[in-house]
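Following: one structure in structure tokens, then a few remarks.
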Amino acid sequence: MTIESENVATLKEVYERWSGQKGVDNECWMEIMSDDISLDSLANGAPEMPFSARRSSKSEILDYLEGLTRDWDMVSFDMKDFIAQDDRVVAIGRVAWRHKTTGKVADTPKVDIWRFRDGKAVDFVEFYDTARAFAAATPGDK
């Protein structure tokens, strides 16, 4: 098995596990991350999603995940396509989250870019429709 296929298999398993549990158990992510992992989110700590600020350690990413699941309920999380080259994997799919305060749903395409070192994730960048996420997090018309 190549490094690329190992990294893809790791991510597929974790995405399926997390999706199947509707984001309740964040431990699956902790198992694949190096201690010095970094995370960048397109929302970049915006007021509507303060948990999305840049993170630079495993414990900080756990805070990110806890903030996400504190404020949002997973409706669906379906990452279907995986493209790998060398130490990078790109996961492409669609996700939907319901904001717990507003009740509004953000349904958006999602792209995650991962980098691995020695079988552990060391870098993670996520892209999604921030306008939809911010709209769902903002009180007002549904």
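The values are calculated or read from the model by the stated rules, or taken from the named source; none is laboratory data. Note that the coordinates shown come from a computational prediction; the quantities given were computed from them, not determined experimentally. Here the Cβ is made from the backbone with ideal geometry for all residues, glycine too, and neighbour counts use every protein chain on show.
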Exercise. Consider L62 carefully, then state whether it is part of a helix (DSSP H, G or I), surrounded by 15 or more Cβ atoms within 10 Å (Cβ to Cβ) and either of a type in the set (S, T, N, Q) or under 13 Å from the mean Cα position of the chain (by Cα) (or both).
Key: yes
Quiz item: So which pairs qualify, if the first residue must be in region 52-65 and basic (K, R), the second must be part of a helix (DSSP H, G or I), the Cβ gap must be under 8 Å, and the two must be at least 6 apart or on different chains?
Solution: R55/I61; R55/D63; R55/Y64; K58/M30
Quiz item: Restricting attention to region 96-120, which residues are among the acidic types (D, E), farther than 24 Å from G140 by Cβ and assigned to a strand (DSSP E or B)?
Solution: D112
Quiz item: Among the residues of region 35-42, is any of a type in the set (D, E, K, R), modelled with pLDDT of 95 or more, under 19 Å from F116 (Cβ atoms) and touching a strand residue (DSSP E or B) at 6+ places or on another chain (Cβ under 8 Å)?
Solution: yes
Quiz prompt | Residue match in region 13-22 (condition: part of a loop (DSSP other than H, G, I, E, B) and of a type outside the set (A, V, I, L, M, F, W, C)) | solution = yes
Exercise. Among the residues of region 65-81, write down those that are closer than 17 Å to W114 by Cβ, in contact with a strand residue (DSSP E or B) (Cβ under 9 Å, 6 or more places away or on another chain) and either assigned to a helix (DSSP H, G or I) or among the basic types (K, R) (or both).
Key: K80
Exercise. With the condition kept exactly as written, say whether any residue in region 86-95 is part of a strand (DSSP E or B) and more than 13 Å from the chain's Cα centre (by Cα).
Key: yes
Self-check item: region 76-85 - residue that is in contact (Cβ under 8 Å) with a residue 24 or more places away in the chain and over 14 Å from the mean Cα position of the chain (by Cα) and, of those, nearest to F134 (Cα to Cα)
Solution: F82
Practice problem: Return the total of residues in region 1-50 being among the polar types (S, T, N, Q), under 22 Å from K100 (Cα atoms) and surrounded by fewer than 16 Cβ atoms within 10 Å (Cβ to Cβ). | Solution: 2
Quiz item: Taking region 86-142, which residues are in contact (Cβ under 8 Å) with a residue 60 or more places away in the chain, among the aliphatic types (A, V, I, L, M) and either in contact with a helix residue (DSSP H, G or I) (Cβ under 6 Å, 6 or more places away or on another chain) or buried (at least 17 other Cβ atoms within 10 Å of the Cβ) (or both)?
Solution: V89, A91, A121, A133, A137
